[in-house]
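Here's the structure we're looking at; comments come further down.
The values are calculated or read from the model by the stated rules, or taken from the named source; none is laboratory data. Every value quoted in this text rests on a predicted model; they were computed, and no experiment measured them. Note that we place each Cβ from the backbone using ideal geometry, even for glycine, and neighbour counts take in every protein chain shown.
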Amino acid sequence: MSNFFTCVIVEDDISSSDFIKNVIAANFSEVTILSAIPSVREAERELQRLKPDFVILDINLEDGNAFTLLKELDTISFKILFVTAHNEYAVEAFKFSALDFLLKPIFPEDLIISIKKIINELQNQQYHKQLEAFFHNYGKNNDQKKLVLKNLEAVHIINLEDIIYINSDNNYSNFNLKNGRKILVSKTLKSFDERLQEQSFFRVHQSYIVNLKYVLSFDKKKDMIVLLDDISLPVAQRKRSALVDFLNR
């Protein structure tokens with residue numbers, strides 16, 4: 001892996017562009033900034049000519065949208081750090097696709113952390129799967145969303161609707177899918193609970209998150225929920241009332 005990396009900044013605000021340049025110059029001697037570009041039109045031409053290792057890309061530019069720019073490129077051979085003002089719709093797509101993004105205003109420490117992460121992952125062959133998932137998620141409804149799961153074996157892109165339930169295994173989470181497949185990732189159940197709580201998933205127990213679409217029955221006497229394929233899981237007493245409310249919606 002190369003010890004030197006090249007970067008292009010695509011940002012139409014001069015003060016923001018200068019800020020990014022200064023942070024990189026002060027903290028990353030191994031990074032060379034090839035160009036700072038203010039527009040979609042110029043970026044489309046220059047990115048294909050310069051072929052940087054990574055791009056710091058503002059979403060809303062003076063002459064268009066960064067997503068339109070990316071779709072116009074023949075190939076995307078660089079990593080991207082997206083920069084955006086608060087936009088819940090875009091932020092949700094970023095989170096599900098495991099792509100890097102920063103919300104404005106940008107703080108130096110956050111930018112440094114993001115660039116370090118990009119440098120560490122530059123030669124990750126699975127990156128473009130994440131980008132593909134992002135474009136799928138951006139503008140899609142909940143039923144069609146995809147989730148990117150990364151473990152030592154690979155980067156897995158799965159449909160949310162294929163998840164029956166997720167169970168905790170110490171500091172790991174095990175995804176149980178409709179086809180019988182299981183994917184183990186080194187993240188806690190809590191991290192997925194926060195991400196999936198608006199997507200028809202419900203944490204019925206400290207050890208289980210279930211896809212409510214596959215609930216067949218709830219035995220209130222035994223505090224057990226039955227899912228697709230006759231999978232029975234316990235329901236914590238403190239979750240009973242909220243679960244019933246969800247099922248009655």
*Filtered residue count, segment 8-25, keeping only those that are in contact with a Pro (Cβ under 7 Å, 6 or more places away or on another chain) and more than 17 Å from I59 (Cα to Cα)*: 1
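To keep it simple, each residue is scored yes or no on (1) farther than 20 Å from A133 by Cα; (2) in a helix (DSSP H, G or I); (3) in contact (Cβ under 8 Å) with a residue 60 or more places away in the chain.
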| residue | (1), (2), (3) |
| --- | --- |
| E153 | no, no, no |
| N174 | yes, no, no |
| K190 | yes, yes, no |
| R195 | no, yes, yes |
| Q199 | no, no, no |
| K222 | yes, no, no |
| V226 | yes, no, no |
| R240 | yes, yes, no |
| R249 | yes, no, no |
_Pairs, first touching a residue at least 12 places away in the same chain (Cβ under 8 Å) and over 20 Å from F107 (Cβ atoms) in segment 21-34, second of a type in the set (D, E, K, R) and assigned to a helix (DSSP H, G or I), C-beta under 9 Å, six or more apart_ = L34/E46
*Hits in segment 127-168 (condition: at pLDDT 70 or above, farther than 28 Å from F78 by Cα and exposed (fewer than 13 other Cβ atoms within 10 Å of the Cβ))*: none
*asked:* Can you report the number of residues in segment 61-75 which are surrounded by 15 or more Cβ atoms within 10 Å (Cβ to Cβ) and either hydroxyl-bearing (S, T, Y) or not in a helix (DSSP H, G or I) (or both)?
replied: 2
_Which pairs turn up if I take residues in segment 7-19 that are assigned by TED's automatic domain parsing to the domain that holds K117 and look for partners that are assigned to a strand (DSSP E or B) and among the acidic types (D, E) with beta carbon separation below 6 Å, at least 6 apart in sequence or on another chain?_
E11/D58
*Candidate set from segment 85-126 (those that are assigned to a helix (DSSP H, G or I) and among the small types (G, A, S)); member that is modelled with the highest pLDDT*: S114
_For segment 201-220: of the residues being in contact with a Pro (Cβ under 9 Å, 6 or more places away or on another chain) and part of a strand (DSSP E or B), which is nearest to K146 (Cα to Cα)?_
Y208
